[in-house]
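Note sheet for the following structure.
The values are calculated or read from the model by the stated rules, or taken from the named source; none is laboratory data. What you see is a predicted model, and the numbers here were worked out from it, not measured in a lab. All Cβ positions, glycine included, derive from the backbone under ideal geometry; neighbour counts span all protein chains shown.
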Amino acid sequence: MGIYSRLLLRYGRTIIIIAAFLPIIAATSAHAIKVAVIKSSDIKPYSEALEGFRNSCDCDVSEIIPASQASPAIIEGIIKSAPDGILAVGSEAYRKVKSIKTVPVFYVMVMPSELMAPLPHNTYGVSMEMSPKASLAAIREVFPKTEKIGLLFNPAKSRHYAFEISELAKNLGIDILMLEVSEANQIPLLLNKAGNRIDLLWMTPDATFISPDVFDRLLSFSFENKVPIFTFSRKYVEKGAVASLDINPHEVGLQAGEIFRTAANKVPKGGGKTYARGGSLIINSKIARKMGIKIKNEVIRKADDVD
Amino acid sequence: MMSTEECLTYLRRSFGLKLILVFIVLAILLQGATSLWIVAREDRAAKEDIINRGSMLTDTLAYSARNGIFSENNEMLQSVAEGVLRQGEVGAVFIHNMDARRLFKQQKKAVYAYKSLLEGESSAAIRSKLTTAQSTEIVETLYSFEFIKPVVMKFLPDNESAIFFGQGGDEEKIEKVMGYVTIVMDKSILKRRMTSSIVSTGLMALAVIFVGVILISLIIRRVTVPLDKLSQEVRKLGKGEKINRVSIDSQDEIGRLAESFNTMLEDLTMKETQTRKLEEHLSNSRKMEAVGTLARGISHDFNNILGTIEGSVYMLQKKLENDNLLQKYPQRIHNSISKARGLIDSLLTFSQGQKLQLVPVDINTIIRESIDVMMAKYEDRVEISSELSDRKLMVIASSIQLSQVFSNIISNACDAMPLGGRITIVTGERAVVEDAQGNLHHNIPAAHYAFVSVADTGEGIPEEIKDKIFEPFFTTKEVGKGTGLGLSIVYGIVTELNGHIYVESIPSKGTIFFIYIPLISNSDLQPDTEETIA
């Protein structure tokens, strides 16, 4: 018997097994989805969002690059590596990748003000704003007697959002008093005008009027006029707002991962912005009591009370 | 009112005034420089103080006015401004919004209305500098200091980590100027402080000068008054007037100068006295020499004339019988001639016209003999005692002359005691030496002498005639009771023997005659005492 024959007899079975699985292996290798991640910083919300994304994207997060190190050369290198997508976590990371056109770009935890312009067709993501519907639902739940809401927003950054809220609120029989604030110093005048015309003050996320001093002024108005403040972050409820509907970073990440999975399997048909889903209701029952606002116990039980 | 010339003259003549003027000028310059330095330092400190206070008040106002500016609420702004206006130096408070539109103004009563620089032409330039919470603009005008500070609010950065999750520190917040606060600090308080400082330093300077002038005057007086006294006495000395000791009680240079002057005065007085005595002595000597020369001149002729008369009287006596009644007249003439010859002999003796043989003679022996003779004559009313030296007092003299000396002195002493008394004669050896200042006792040359003192308890010699007793023909006796030559003869003899005689007397107490005659041998001489000037 020749040497080749002996080798064939000895290793033949193994060869056959491997050969049988080769197509499967090849097929598997051909379908691994790679996502490069650029992260603004290492704060917990970002990590939670990323975790959520990982759990739902069905992809490989190939590398996580801090936004501060994501120079144009690095970005170029990422693009050349031909990932299936690039995930930007946080506004700073998004700014680094928002001009990429050749690779799908996904975003989470990005400020609404960064998403004002129409998004490119390869850009998908989840906004940090809760949907107007969810917010209004939360308001109705906590403040069922609310009929007039003063909506504090910056028209340059949140006009559409405010408009959407206004339209939706009308359907619910709630009047929205639009309080447009371009500069913080407009607030006192607006509040004076609002005066006793509103039952609730809704504070949208905008740096224009998010200042300790401005918030103190809002609180003063709130306490003096017994107008509760509804806001977007637990931070302000702790300082004196009555309630907020907070985004859940992990949930946002999950949401983003689902979008990615969908986008990865379908031909992308244009960029889109999706409101955050879920949300956590935060209330300050002590402030509510001081202001004479009665909140149902089941709501209090359901919510996260900072008191 | 003194003229300038008189003032200058007075100044030239007064050392004290010059010193005072120099002190005043120096004090004014020094105090002036010190005062200027103090005032400048006070001014600087006051300005720094105002600037520090102004900056602090402005910081406080800027912080407190945030909500008021943000709300543009006049009540809120007033309540914070009032707190600032309570401070004394604050004249006015302005609050402007970010466009420099005035939101608030309040000022205290002042001479003029304060204006804020933010409302002037330089407003834009000033605002461009005031962009952060730390910036402050301080402008000094003629009447005030103006402090301008921006009122800033810190806003969160436009990112989700800050807005949603409260991440990031103060350094990430964005400052935005919401408005401006202005505090005007009035300079009048500063000026009042400066005026007060100037007045107090000026008064202090005056006080220092005043006290200094008084002290210097006292010190100068201490120097110039004694100097004036000294100069007065020196002027008197120059004019030959009587001068007195300058009494200055101090141990310093002035005191030592006065002491030196007094010593000089005493020395001069003593020397003057010695000189006067020498001059008197010389005058007497010359007088006596002149008298002696006269006496020598006429005695011979007189003797000759008397001889002729005596011869004629002798012949006349011989011609007359013994029992002739006219015999008494030639006898009287003869007696008178004898007296005249005696007078001539005395004159000749005085004038030293008679040359006697000088041999060693013991004075003690002569005195004993003289005492014996005088005792016989006056023992009824005068007691004569003697303390003669044990040793012989050998001198070169004529025993006859020495006898005459002591006889005349004793006789004179007895005459001075008409109601009786006591005469004491002492002899001894005396070595006359110069004292420490080179003076000699009664100007007696330094040598060894036989010393004789004759003391009586008589009437004494008045001071005014003491210097004349050795003058020929000087007598205090009645006419016919004495020739006035006795002491002159004594003086003449003693002088001829190179001796010295002087007298001391106290009226109504007595008189002492002191006689010094050079001793023959010196080598074995053991003087009893040394004469020194007292």
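Details
Residues are listed down the side, and each one gets a yes or a no for (1) more than 11 Å from the chain's Cα centre (by Cα); (2) free of Cβ contacts under 8 Å to residues at least 40 places away in the same chain:
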| site | (1), (2) |
| --- | --- |
| B:V223 | no, no |
| B:L237 | yes, yes |
| B:E253 | no, yes |
| B:T275 | yes, yes |
| B:K287 | yes, no |
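- Screening the stretch B:482-518 for residues that are more than 13 Å from B:A397 (Cβ to Cβ) and without any contact (Cβ under 8 Å) to a residue 40 or more places away in the chain and picking the one that is surrounded by the most Cβ atoms within 10 Å (Cβ to Cβ) gives B:I501.
- Screening A:N171 on (1) closer than 27 Å to A:E141 by Cβ; (2) within 9 Å of another protein chain (Cβ to nearest Cβ); (3) among the polar types (S, T, N, Q) shows it passes everything except condition (2).
- Which listed residue, of B:K173, B:K149, B:K229, is at pLDDT below 85, touching a strand residue (DSSP E or B) at 6+ places or on another chain (Cβ under 6 Å) and surrounded by 15 or more Cβ atoms within 10 Å (Cβ to Cβ): B:K173
- Residue in the stretch A:46-54 that is surrounded by fewer than 18 Cβ atoms within 10 Å (Cβ to Cβ), away from every other protein chain (no Cβ under 14 Å) and of a type in the set (S, T, N, Q) present: no
- Residue in the stretch A:188-196 that is crowded, with 20+ Cβ neighbours inside 10 Å and more than 11 Å from chain B (Cβ to nearest Cβ) present: no
- In summary, B:L306 fulfils each of the numbered conditions (1) within 23 Å of B:G492 (Cβ to Cβ); (2) surrounded by 12 or more Cβ atoms within 10 Å (Cβ to Cβ); (3) more than 56 Å from the chain's Cα centre (by Cα); (4) free of Cβ contacts under 8 Å to residues at least 24 places away in the same chain with the single exception of condition (4).
- Filtering A:E147, A:E164, A:E180 for residues that are crowded, with 16+ Cβ neighbours inside 10 Å, of a type in the set (D, E) and away from chain B (no Cβ under 14 Å) leaves a single hit, A:E164.
- A single entry from A:D206, A:D199 fulfils the requirement of being among the acidic types (D, E), in contact (Cβ under 8 Å) with a residue 60 or more places away in the chain and touching a strand residue (DSSP E or B) at 6+ places or on another chain (Cβ under 8 Å): A:D206.
- Residues considered: A:F230, A:F223, A:F260, A:F215. Of these, the only one that is at negative phi and at pLDDT 95 or above is A:F230.
- Number of residues in the stretch A:83-95 that are away from every other protein chain (no Cβ under 14 Å) and touching a Ser or Thr at 6+ places or on another chain (Cβ under 9 Å) equals 1.
- Residue that is modelled with the highest pLDDT, among those in the stretch B:501-534 that are part of a loop (DSSP other than H, G, I, E, B) and of a type in the set (A, V, I, L, M, F, W, C): B:I520
- Of all residues in the stretch A:218-238, those satisfying the criterion of being surrounded by fewer than 19 Cβ atoms within 10 Å (Cβ to Cβ), within 12 Å of another protein chain (Cβ to nearest Cβ) and among the charged types (D, E, K, R) are A:E224, A:E238.
- Among residues of the stretch B:391-409 that are closer than 15 Å to B:K377 by Cβ, those with a beta-carbon under 9 Å from a residue that is among the acidic types (D, E) at least six positions away or on a different chain give the pairs B:S403/B:E369; B:F406/B:E369.
- Criterion applied to B:L85, B:L61, B:L57, B:L77 was being within 14 Å of chain A (Cβ to nearest Cβ), in contact (Cβ under 8 Å) with a residue 12 or more places away in the chain and under 30 Å from A:Q186 (Cα atoms), and the one residue passing it is B:L77.
- The stretch A:106-135, residues that are part of a loop (DSSP other than H, G, I, E, B), away from every other protein chain (no Cβ under 14 Å) and under 23 Å from A:S166 (Cα atoms): A:A117, A:P118, A:S131
- Residue in the stretch B:395-412 that is more than 30 Å from B:L306 (Cα to Cα) and within 53 Å of the chain's Cα centre (by Cα) present: yes
- Search result, residues across the stretch A:17-44 that are modelled with pLDDT of 65 or more and assigned to a helix (DSSP H, G or I): A:K44
- Wholly enclosed strands (runs of 3 or more DSSP E) of the stretch B:390-490 bearing at least 2 residues out of contact with any helix residue (DSSP H, G or I) (no Cβ under 9 Å at 6 or more places or on another chain), over 30 Å from B:R296 (Cα atoms) and among the β-branched types (V, I, T): B:421-432
- The requirement of being touching a residue at least 40 places away in the same chain (Cβ under 8 Å) and over 30 Å from A:Y107 (Cβ atoms) is fulfilled somewhere in the stretch B:117-125, by at least one residue.
- Residue, modelled with the lowest pLDDT, within the stretch A:45-62, restricted to residues that are in a strand (DSSP E or B) and not charged (D, E, K, R): A:S62
- B:A113 meets each of the listed conditions (1) in contact with a Gly (Cβ under 8 Å, 6 or more places away or on another chain); (2) among the aliphatic types (A, V, I, L, M); (3) outside any strand (DSSP E or B) apart from (1).
- Annotation: of all residues in the stretch A:199-217 being closer than 22 Å to A:K145 by Cα and crowded, with 22+ Cβ neighbours inside 10 Å, the one that is farthest from the chain's Cα centre (by Cα) is A:L200.
- Identification of strands (runs of 3 or more DSSP E) wholly contained in the stretch A:166-250 with 2 or more residues that are among the β-branched types (V, I, T) yields A:229-231.
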